[in-house]
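A short worksheet on the structure shown next.
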């Protein structure tokens, strides 16, 4: 078990995070005359002009460019898509991004949830909509009723708008811990991350990221009561309610220890507000399984539906142990899994990650534990890493070198192509089916 040292002085309200931007050539007005004007100097002037724009315009421009890049990747690879379970070959962009789990969300959009869990003759739950959380498809349904727009257009539009909102909040969250330049690079890393194309497809990831970023931002600002309704919505968008509740428990403990050990401020009012947030988070974590139980009359309706894709029951941590043994053997497998845990613990204690604050480190730790406990390791695990977006800021803080930061972005964009071409593009395997994204 890796010991993650995250306890230290914590004072939410005293921490401003308003650091000065790093010094760079961009902050110096170049001297130009009619003879010496060059593309480099004109570029420097352009950068200065962009720097004078409001922060939300700068972030919005970065977002727009990143979505165009992902759109181009989808559009290009879609032209090479063969015949598939969702339609004909060479689909256009909108039809191509409606592959895979988009079909399940559209089923909920069209028909809602079944009142009975479909099962085989032996009683094993079959794949069904109860494994998918309701907030995203029902919001699209409500907007469709109001606008008469079809799923094919409205669903990706909602995803893109949620992704834009998430990006703006993530920048404000990052700005709390870093300078303007580093925060912007953190946003760029988030928007170009290899699985970031999922932010513009009819999946709930964009909405979940928006709500998660808002909840973390409010937690960092100490606005615990305001965070409560956000946490409730968060837990109805994707299965991130449980790790968020775990994080709030850990954060409450850290604040108490910090108060006793270092004398940091912790008023009775703060304790009450934090306790209310903790209770809300605990209720939110079990909200969707409870709704599934009350609707179907089956206590394990949600967990049975969730594990239908695995072909087995839910046993915490066992899938990772079994997969590690399958990959490298009965002895090296557990060692490999232990090294993964130790490595992540060391990552959380590294200098760049320590710079993102206790709250974000606790979230990353809690979500990592959740992944190990409840998720089945597979190709979809890459997509499941998106909630670890605070690590994008830590990655940007490793070095101020533009060569380093630019290389990371280039590598991420190339890996976007790999992700879409390998996992989103459907190609039947010899035994049938394909690896899910």
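Every number in this text was worked out from the coordinates using simple rules, so none of it is lab data. On a predicted model such as this, the values are computed, not experimentally measured, just so you know. Note that each Cβ is placed from the backbone with ideal geometry, even for glycine, and that neighbours are counted across all protein chains shown.
In the stretch 271-296, the residues that are touching a residue at least 60 places away in the same chain (Cβ under 8 Å) reach residues that are part of a helix (DSSP H, G or I) and surrounded by 15 or more Cβ atoms within 10 Å (Cβ to Cβ) with C-beta atoms within less than 7 angstrom, at least six apart or across chains, in these pairs: 288/302; 292/130; 292/301; 292/302. When restricted to residues that are under 17 Å from residue 84 (Cβ atoms) and more than 18 Å from the chain's Cα centre (by Cα), the stretch 409-422 contains 2. Would you confirm, using the coordinates I've provided, whether residue 104 is free of Cβ contacts under 8 Å to residues at least 40 places away in the same chain, over 29 Å from residue 433 (Cα atoms) and either outside any loop (DSSP other than H, G, I, E, B) or more than 20 Å from the chain's Cα centre (by Cα) (or both)? When the stated conditions are applied, residue 104 does not pass them. For residue 196, the test of being over 30 Å from residue 115 (Cβ atoms) and touching a helix residue (DSSP H, G or I) at 6+ places or on another chain (Cβ under 9 Å) is passed.
Taking the stretch 348-437 as the region of interest, none of the helices (runs of 4 or more DSSP H) fully inside it holds 2 or more residues being surrounded by fewer than 18 Cβ atoms within 10 Å (Cβ to Cβ) and touching a strand residue (DSSP E or B) at 6+ places or on another chain (Cβ under 6 Å). The set of residues in the stretch 212-239 that are assigned to a loop (DSSP other than H, G, I, E, B) and touching a helix residue (DSSP H, G or I) at 6+ places or on another chain (Cβ under 6 Å) comprises 235, 236, 237, 238. Number of residues in the stretch 96-128 that are surrounded by fewer than 16 Cβ atoms within 10 Å (Cβ to Cβ) and in contact with a strand residue (DSSP E or B) (Cβ under 8 Å, 6 or more places away or on another chain) equals 3. Among the residues making up the stretch 111-160, those that are under 21 Å from residue 92 (Cβ atoms) and assigned to a helix (DSSP H, G or I) are 140, 144, 151, 152, 153, 154, 155, 156, 157, 158, 159, 160.
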